[in-house]
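Only one structure is covered here, and it is reproduced in the block below.
The values are calculated or read from the model by the stated rules, or taken from the named source; none is laboratory data. Worth saying up front: this structure is predicted, and the values here are computed from it rather than measured. Quick reminder, even Gly has a Cβ in these numbers, built from the backbone with ideal geometry, and neighbours come from all protein chains shown.
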Amino acid sequence: MMSITKEKTVAEVVAQNMGADHVFSKYKIDFCCGGGATLEIACKESGVEFEVLKKEIETLTKKISNT
């Protein structure tokens, strides 16, 4: 699992964190064609707090990788 920062792009996070696609889908963040946006921009556009998004991705990634 990579470190998730506001400067990372959506595409980088999806590629390196299993399950991140589900979290992005939940918040209607485009991780395919719009994957070049930074997490900071994506969060602002979708109306979700960065820390909330980050925590959900980290929790899901840990859950998936431990099974």
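Being in a loop (DSSP other than H, G, I, E, B) and either exposed (fewer than 15 other Cβ atoms within 10 Å of the Cβ) or modelled with pLDDT under 95 (or both) is the filter here, so list the residues in the range 42-55 that pass it. Break it down stepwise before answering.
The first filter runs over the range 42-55 and keeps only residues in a loop (DSSP other than H, G, I, E, B), leaving 47-49.
Gly47, Glu49, listed by residue number.
Between a residue in the range 16-41 that is farther than 19 Å from Thr5 by Cβ and assigned to a helix (DSSP H, G or I) and any residue that is of a type outside the set (Lys, Arg) and modelled with pLDDT of 95 or more, which pairs come within a Cβ distance under 8 Å, given they are 6 or more apart or on different chains?
Close Cβ pairs satisfying both conditions: Lys26/Glu56.
Quick one: count up the residues across the range 1-15 that are crowded, with 17+ Cβ neighbours inside 10 Å and either in a strand (DSSP E or B) or among the charged types (D, E, K, R) (or both).
3
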